[in-house]
Structure formats: structure tokens, C-alpha cells
1. What is the projected area of the convex hull of the Cα atoms of region 7-246, averaged over all directions, in nm²?
2. What is the local net charge at Phe37, summed over the other residues whose Cβ is closer than 15 Å to its Cβ (Lys, Arg +1; Asp, Glu -1)?
3. Once fully extended, how much extra length lies between Gln42 and Arg119, figured as 0.36 nm per residue of separation less the alpha-carbon to alpha-carbon distance?
4. What list of whole percents do you get for P(r) of region 34-130, with Cα-Cα distances grouped in 10 Å bins up to the one holding the largest distance?
5. Whole-Hz Karplus ³J(HN,Hα) for region 38-48, in order, using 6.51 cos²θ - 1.76 cosθ + 1.60 and θ = phi - 60°, x for Gly and Pro?
6. Over all distinct alpha-carbon pairs, what is the Kirkwood Rh of region 249-382 in angstrom?
7. Quick one: putting +1 on the C-beta of Lys and Arg, -1 on the C-beta of Asp and Glu, what dipole do you get for the chain around its Cα centre, in Debye to the nearest 20?
8. Can you bin region 138-228 into rounded, prolate or oblate? Criterion: square roots of the alpha carbon gyration tensor eigenvalues sorted a ≥ b ≥ c, rounded for a/c under 1.5, prolate for a/b above b/c, oblate for the rest.
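What follows is calculated from the coordinates using simple rules that are stated; it is not laboratory data. All figures in this text were calculated on a predicted structure; none of them were measured in a lab. Counting neighbours? That spans all protein chains shown, and the Cβs are built from the backbone with ideal geometry, glycine included.
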Amino acid sequence: MVNPLDPATRMVRAGLESDAITGAVVPPIHLSSTFAFTEFGQKGKYDYSRSSNPTRDLLAEAIVDIEEGFGAVITSSGMSAIALVGQLVPRGGRIIVPHDCYGGTFRLFTAWHQRGDFRVEFIDFGSAASMALAFASAADLVLIETPSNPLLRVTDIKAVSAAAHKIGARVMVDNTFLSPLFQQPLTLGADFVVHSTTKYLNGHSDVVGGVVVASKSEDAQQLIWWANSLGLTGAPFDSFLILRGLRTLKLRMLAHEKNANSLACWLVSQKAVQKVFYPGLITHPQHELAKRQQKGFGGMIYFELRGGTLAVQQFVSALKLFSLAESLGGVESLVAHPATMTHAAMSPEARAAAGLTDGLLRLSVGIEELQDLKTDLTVGFKAII
């Protein structure tokens with residue numbers, strides 16, 4: 001049965017009034033590591049928090065609802081969510097991964113490949129020739145990052161999912177940059193959607209967590225089994241904080257996007273800026289695709305500074321409102337230098353192949369007053385000698 005309520009309403013209401021004992025509007029945090037059996041040989045719904053926990057279950061149910069999936073596992077980090085999906089790939093299986101993916105993802109898949117766990121191929125999803133070659137033979141898993149981290153390239157989820165299914169592969173989409181509010185990959189044909197809940201779903205930079213949502217119940221059950229076996233599940237208190245963050249997701253995402261869109265348009269006119277990457281710009285090569293499969297353009301901006309690493313150092317040292325830090329998606333604005341921070345795990349050759357220049361910067365645009373953010377960036381530009 002289709003839920004008639006808007007997703008934003010469902011996020012606000014998720015888990016409320018679920019405590020039948022006290023009638024508490026906000027659900028309590030169940031911090032207990034263990035739960036008593038009802039009698040010898042008879043356990044209740046819960047027995048041990050690594051396996052299942054009431055607070056974590058409420059968060060999983062909420063994310064499954066808004067991603068329109070069949071089941072989910074709340075994990076200890078975004079990377080453990082990706083690693084969990086990897087457990088469903090047979091040993092020696094073939095995995096297709098974008099060459100410009102997040103540095104931590106690149107590191108994990110490279111390690112798997114070098115150890116012989118899987119045959120991992122990094123390809124350019126923007127190249128028709130590379131795609132045709134990669135999808136000409138059987139595979140087990142295809143990873144899509146859209147918009148990609150770092151250059152915000154947009155991949156056609158529906159088309160790639162259809163192509164992947166023809167060669168026997170399941171599709172995992174990293175939806176961290178947009179959140180379920182702006183994109184729902186499972187409705188476009190993906191088999192799994194993953195998030196670093198550290199980012200927009202929590203929204204306050206005080207939790208590390210992740211989630212995997214499956215489009216099929218049998219896949220969800222396998223993920224639950226592996227998560228319990230490997231101990232990858234998230235903590236109850238973290239789940240409580242993420243569920244609380246979820247309630248304000250729409251307000252925050254709209255504020256992030258409004259600021260980011262304005263800053264992207266402004267950055268284009270700055271002399272120190274060589275290039276701006278933001279799917280909301282009509283000059284972005286996949287702008288029309290983004291409009292079709294997304295409900296918003298998000299709060300992430302990448303841009304290249306003229307002058308390379310030295311200019312970057314002078315620029316970020318002058319900033320006061322944009323904190324020089326990794327991560328993203330919090331209410332506060334952050335600036336990062338991919339080559340030395342988020343993508344330092346990639347070799348210089350791999351970064352060059354992916355288009356990561358030394359002058360590339362990433363902005364996680366927060367919800368501060370727009371003019372204050374512009375003023376801060378202006379100070380940064382003036383500091384470049």
C-alpha cells in the first residue's frame with residue numbers, strides 16, 4: 001500500500017509514539033547490550049545488540065521507508081556499509097567501479113583486487129567506449145557514485161542498472177551526496193543504496209555511521225546475516241542521533257542547496273577560479289540528466305583555483321567560516337583539498353586519470369547566512385598572491 005504522506009512528513013514522524021509502555025513521543029534510546037530471554041530456549045524479538053536493537057531498528061525502518069526499499073542494515077560507518085555489500089559478491093567475482101570514486105572507496109576496492117578477493121575494474125563511466133568494453137562481459141557488482149566524489153559527475157542510474165542486470169550484476173549506488181530527499185536510486189533500478197549517515201542524514205558532524213538499503217527482501221536478509229557475523233552494525237546512541245537528524249533533513253537540504261546554488265553561480269565569475277563543478281549550473285555537462293533523476297542538486301561544490309597547491313594553501317589559510325576539514329553534510333561549512341585529504345589514498349597517476357588537479361577544492365556548503373559565506377571566500381581569494 002502506497003503511503004499517502006509526503007516523505008518529509010514521514011521522516012519527521014518516524015518512530016514517534018512507538019514506546020507503548022510510557023507513551024513517550026520521542027522514542028527512548030535502548031543502550032542495553034543484551035536482552036533477557038522470556039524463558040529457557042525462548043528469546044524475544046531482541047537478544048543481543050550486535051544482532052538487533054530497538055533504536056537501530058527504528059532508524060533502519062525510517063530509511064527503508066524513504067528509500068522505498070525492503071530492508072536495511074545500519075552500519076558503523078559509510079565504508080562498512082560498502083564493505084558489507086561486498087560480502088554478497090562471490091570470491092573472485094568481477095566488480096566494476098568508477099575511476100573517480102571517493103578515495104576511501106578506491107582504497108578498499110584496490111586492496112580487495114590486489115589481495116585476489118575480487119577482480120575490480122576502475123572505468124570512466126563518462127566514456128561510452130569504456131562502458132561498452134566493461135559491460136561486454138559478465139560481472140557481479142557495479143558501483144555507481146552520482147554525483148561523484150570528487151567532480152560531481154552524474155551517472156544515469158536507470159540506464160546503467162539496466163545494462164548491469166543484463167550481464168548478471170547487481171547495482172550499488174552511493175547516495176550520500178544527495179540523500180533520499182533529492183534522489184531515490186532503488187526506484188531507478190538499483191539493487192542497493194548506501195549512505196554515509198555521518199553526512200546529511202545526521203547533519204551535525206557528531207556521528208560516524210552508515211546504512212545499506214536493499215531493494216529485495218532476500219538481499220536484505222543476507223546483509224543482516226553478514227552484518228551480525230562481522231560485527232559491522234551501528235551503535236544505538238548513534239542511531240538515536242541520526243534518527244533525530246533525519247527529522248530536519250528537508251529543512252537542512254533545502255538550505256544547503258540554496259546556498260550552494262548561489263555560491264556556484266558566484267564562483268564562476270571569480271578571477272581566481274578556473275572551473276566550477278556543480279550539477280545545478282546549466283553549463284554542467286550532465287545538468288539535464290541531473291534534472292531528470294534528481295529532485296535537487298545538493299550542497300556540494302568543487303572548483304579549481306588557478307595557481308595550484310600554493311594558491312590553495314594561501315586561500316584556505318585565510319578562511320574563517322569554512323573549516324579546513326574532511327567529511328561533509330553538516331550544518332557548518334567545510335573546505336577540503338582532495339589531493340591531500342579525501343583522495344590522498346589514490347596515487348598521483350590515479351588522481352590525474354580521474355581529473356583531480358592539485359588546485360581542486362571541495363566546499364561542503366553549510367546553512368550559514370549566504371553573504372557571510374561569500375565574504376569569507378572573498379577574503380580567501382584576496383589572500384592569493
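1. On the way: hull surface 54.4 nm².
Taking the Cα atoms of region 7-246, their convex hull projects to 13.6 nm² on average.
2. On the way: positive: Lys43, Lys45; negative: Glu39, Asp47.
Taking every Cβ under 15 Å from that of Phe37, the sum is 0.
3. Numbers: separation 77, 0.36 × 77 = 27.72 nm, distance 4.39 nm.
Stretched out fully, the Gln42 to Arg119 stretch lengthens by 23.3 nm.
4. 13, 31, 28, 19, 8, 2, 0
5. 5, 6, 4, x, 10, 8, x, 5, 10, 10, 8
6. Values: mean 1/r = 0.0661 Å⁻¹.
Value: 15.1 Å, from the Cα pair sum.
7. On the way: 33 positive and 34 negative charges, 113 e Å.
Magnitude of the dipole: close to 540 debye.
8. Numbers: a/c = 2.15, a/b = 1.22, b/c = 1.76.
It is oblate, given that a/c is not under 1.5 and a/b is not larger than b/c.
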